[in-house]
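Here the structure is laid out as structure tokens; the discussion comes afterwards.
The values are calculated or read from the model by the stated rules, or taken from the named source; none is laboratory data. This is a predicted model, so every value here is computed, not measured. Cβ placement follows ideal geometry from the backbone for every residue including glycine, while neighbour counts extend to all protein chains displayed.
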């Protein structure tokens, strides 16, 4: 969405539902027991049997009812023999039922029993099947109108939004283009709250108009009122109200989306939660009021529908989940295949806010998916799930000012069937509707990831892939402290070497650029901690500033570490892996550590804050020694300074592989100075003759390169001097 601006119960259920829905082989892998209509079957779920699978033969048009009872948090998933989800449901109580499910074809059907993540422990249950013979005139097409029996409790656990209205959970229907309704008194929307906070109202009409303070009029006739509490000089806590009105006469029929933004102001910030009320009236008919509470930077969404006969229906509402998560309803929709370069059309409505698609992906493929609205007021959003059901990419707005969605240059890191969910801003609680086209495209590289037929195989392989002309640098530092990168492509002592350096010095690569560091086959390199850095060196006139890369570490042909990460120009990403003495390899954590101009201490902020009360206070001329280890990544020191004092701090590595880094934090907990290397000939750190900006107690952080994510270790000596 373009405008003004990862609950506990389903945390286990959702991934299981994705797996069941996406892969029939996972269901068929269990020995399924036959269900007999009218006969109760008993089963048990425990740590060794997280699911139980049953089967029955059904015919097209049969109406099926499945009931499981006996334990809290039971869930049911009904699939066909290809693994396609037919219906599913979950309950917070001891019973879950799938009612009036119309079978789409003659087939063997599978029912999976599991539990939601809100409950644990062994559980016994009873499962029953009831089948009604096909009625005259009932065909498989009736399945399209069947609504999966997902309970309100399950839906409430999966989202912070309130329970959807009947309109939002109705059977899927096609999109009806907006019409016109002649009114005597028009349409009015008001937002009211009781605080000086800056809340903002936006109304999106059915024909694509977006009415708020920046666009105070829209083609459909809507007019925005006063932007309240927008400047500190003119604020009020006495019932501030913003309005959007359409005058008497013709107003569009269809779905109206209401948005409330809590936008704190830099010069007069407000951080308290704010409660508010949204009211709407259409030709004198009041829509039931929407009420909510927001914290700074949150967005509340609501909607209502104006029908051609003048009646009005309230839609769903709630606080938008940001970043988005995959909602249960998104996992229930049928999926159709996408093929490269072929556009597929569809529609999103409040009755059916999701459409599903699949495509077969190979690790190393680089794909793009575009979803473009073609009618109504639809604000598209795309979600992509990997073969394991993990949300790996999403997009709301393709660019600033563009509400169409584009996931661009996504590098796939797994082989298998990917799922694409086409939806809208706000998903279940959104209010935009319309038709769209969705297209799968991108450069495809074949092979099992990472498979580089023109590069030598290794016992350990570190590969970096991306899809733009930008110059990214790959560097690996081994346990002896040797760095392998384009300026030092071979380390004879350990055998590591650089075999590819994609786009180095802005030399455009053919196809997808690859950088590749490996240790020759035969035996694993030495045990210890290996540090891996990706540095965005140069944009190389590429128009795409943000680069998404895939970093893979493979040992003996097994993927042991895989990272997908976006970088901005000059940013640096650091991660690690560990070769253990028994030959196993484990992955370390990683993150952005700053830029080539300024390293960032923020990854340590939460860790060093509790240590300040007991930290050692240094005086001018004092020297201290300490150590940095894998389980102790930094030390904190304090000193008192005055405005104008000139401070010099040195940090010397005494042994081991330690690559020292210094951070200086002011009395307001703001990083004001840092240093990695004092000069080109040393890895020691020096903050030299820095003038203090104010009186107070300053913080010194002695750490290693990468801060939280670094792995170099050794002893150090730190000296403080104040002039």
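Here residue 512 passes the criteria (1) under 11 Å from residue 466 (Cβ atoms); (2) touching a helix residue (DSSP H, G or I) at 6+ places or on another chain (Cβ under 9 Å); (3) at pLDDT below 85 except the one numbered (2). Scanning the range 287-311 for residues that are surrounded by fewer than 19 Cβ atoms within 10 Å (Cβ to Cβ) and more than 28 Å from residue 270 (Cβ to Cβ) returns 288, 307, 308, 309, 310, 311. Checked across the range 182-195, the condition of being at pLDDT below 85, in a loop (DSSP other than H, G, I, E, B), surrounded by fewer than 17 Cβ atoms within 10 Å (Cβ to Cβ) and out of contact with any strand residue (DSSP E or B) (no Cβ under 7 Å at 6 or more places or on another chain) holds for no residue. For residue 589, the criteria (1) outside the structural domain of residue 713 (by TED's automatic domain parsing); (2) in a strand (DSSP E or B) hold in every case but one, which is (2). For the range 80-106, a residue qualifies if it is modelled with pLDDT of 75 or more and on the phi > 0 side of the Ramachandran plot, and exactly one does: 100. Just one residue in the set 172, 164, 168 is part of a loop (DSSP other than H, G, I, E, B), in contact with a strand residue (DSSP E or B) (Cβ under 7 Å, 6 or more places away or on another chain), modelled with pLDDT under 50 and not assigned by TED's automatic domain parsing to the domain that holds residue 76; that residue is 164.
Across the range 335-347, the number of residues qualifying as surrounded by 14 or more Cβ atoms within 10 Å (Cβ to Cβ) and within 7 Å of residue 440 (Cα to Cα) comes to 1. Can you find a residue that is assigned to a loop (DSSP other than H, G, I, E, B), within 34 Å of the chain's Cα centre (by Cα) and closer than 18 Å to residue 279 by Cα anywhere in the range 214-234? Among the residues of the range 214-234, at least one is assigned to a loop (DSSP other than H, G, I, E, B), within 34 Å of the chain's Cα centre (by Cα) and closer than 18 Å to residue 279 by Cα, which makes the answer yes. Scanning the range 513-531 for residues that are surrounded by 20 or more Cβ atoms within 10 Å (Cβ to Cβ) and closer than 27 Å to residue 547 by Cβ yields 513, 514, 515, 516, 517, 518, 519, 530, 531.
Look at the range 28-39: where a residue is under 10 Å from residue 111 (Cα atoms) and assigned by TED's automatic domain parsing to the domain that holds residue 126, no partner that is in a loop (DSSP other than H, G, I, E, B) and at pLDDT below 55 sits 6+ places away or on another chain with Cβ atoms under 7 Å.
When 695, 677, 659 are checked against the criterion of being over 19 Å from residue 618 (Cα atoms) and surrounded by fewer than 16 Cβ atoms within 10 Å (Cβ to Cβ), a single residue qualifies: 677.
Of the residues making up the range 356-372, just one is at pLDDT 95 or above and over 18 Å from residue 441 (Cβ atoms), namely 356. Considered as a group, the residues in the range 45-79 that are farther than 22 Å from residue 106 by Cβ and touching a helix residue (DSSP H, G or I) at 6+ places or on another chain (Cβ under 9 Å) include one that is surrounded by the fewest Cβ atoms within 10 Å (Cβ to Cβ), and that residue is 50. Within the range 403-437, the set of residues being touching a helix residue (DSSP H, G or I) at 6+ places or on another chain (Cβ under 8 Å) and over 27 Å from residue 317 (Cα atoms) comprises just one member, 417.
Can you tell me how many residues in the range 401-435 are over 17 Å from the mean Cα position of the chain (by Cα) and under 17 Å from residue 208 (Cα atoms)? So the answer is 10.
Pairs meeting the criteria (first residue in the range 702-720 and surrounded by fewer than 24 Cβ atoms within 10 Å (Cβ to Cβ), second residue assigned to a helix (DSSP H, G or I), beta carbons under 7 Å, at least 6 apart or on different chains) are 708/603; 708/604; 709/603. Scan the range 458-478 for residues that are over 12 Å from residue 517 (Cβ atoms), at pLDDT 90 or above and surrounded by fewer than 23 Cβ atoms within 10 Å (Cβ to Cβ) and the total you get is 1.
Taking the listed residues 94, 106, the one that is outside the structural domain of residue 333 (by TED's automatic domain parsing), surrounded by fewer than 18 Cβ atoms within 10 Å (Cβ to Cβ) and under 36 Å from the mean Cα position of the chain (by Cα) is 94, with no other qualifying.
Looking across 350, 368, 375, one residue alone is outside the structural domain of residue 206 (by TED's automatic domain parsing), crowded, with 19+ Cβ neighbours inside 10 Å and either part of a loop (DSSP other than H, G, I, E, B) or in contact with a strand residue (DSSP E or B) (Cβ under 6 Å, 6 or more places away or on another chain) (or both). It is 350. When 708, 717 are screened for being in contact with a strand residue (DSSP E or B) (Cβ under 9 Å, 6 or more places away or on another chain), more than 17 Å from residue 620 (Cα to Cα) and not in a loop (DSSP other than H, G, I, E, B), only 708 passes.
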